[in-house]
Amino acid sequence: MEDLAHHSGATVRTIRAYQDRGLLPKPQRRGRSNVYGDSHLARLHQIAELLDRGYTLASIKELLEAWDAGRGLGGVLGLAAEVSGPWTDEEADRISRAELDTRFGGVPDDEAVAEAVALGVLERVAGHDDEFLVPSPQELTVAVELHAAGVPLKAISVHLRELRGQVEHIASRFLEFTTEHVFARYLGPGLPTDAHVAEAASLVRRLRPLAQQSVDAELARAMRLFATRRLQQHLGPDNPPAHAGGSPSVPVPAATLAAVEALVGPENVAAFIVGATEREVQARALDALALPQPRFGHDAEKP
């Protein structure tokens, strides 16, 4: 067992736990020794790969039992690769700390770098304190351009956190929608057949770009609508602002103001409250659109 642990990278304790769960075949008994072979090593590699893909030990046991019964894991792993693989053609890049400081005005800002790492915009490279991995160069470029236009780095971070929450909400809704109408037939009890797995993987490849395409189209429509409306409010002589006599005052509890100020700084309190309000309005609009619509015709008369 010690030799198997050495060659597989797993610990002896882990190997024993796999044996207790029935994930690893029993070793051959030769005299007073337990002998493990290449099949045990291959099984440990399979378990490690499935764990990396997010499978639980219970689901791994079910998959391995199907494998032992003569069904292949290739289709299941292929489907997992389609789902867990990159959903964009963008390739990660690297950037040095000196180049990073230069792109953001030449003034080092350790706090902003730490915030970017916390958000995942930058990833530290082990053994290279002066170098970072950039998972999305486009996202970093957006931050650079916003900062060059005068947006404080703290405000950019707050905006990204808010945007990420809204996008995750959209992604969750899209997955619920496609699961209900497309993938539900593959999610019955037990393992799907190899044919169903292959068909599901093909559908994932076809549907993968649709979420981004629909968001791009709707974002372009919304930006045109709101940008035009905002420009008319500020510049159009025949389109005065809705509150010509000044913006209405809304009382906000002092404790809420203090909490927001501590979060984003005094200069960003108003923008944060407005953004949070707009986010809530948009979320409720999405919720309203997602509600079941009234049915008409013969189906409406059925119980």
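Of note:
- Potential extension, GLN213-VAL142 segment - 0.36 nm per residue separation minus Cα distance: 23.6 nm
- ³J(HN,Hα), Karplus 6.51/-1.76/1.60, whole Hz, each residue of the range 50-61, x for Gly, Pro: 5, 4, 4, 7, x, 6, 7, 5, 5, 5, 5, 4
- When both the range 1-70 and the range 151-174 are represented by their alpha-carbon centers, they are found 42 Å apart.
No lab work stands behind these numbers, since they all come straight from the coordinates. This is a predicted model, so every value here is computed, not measured.
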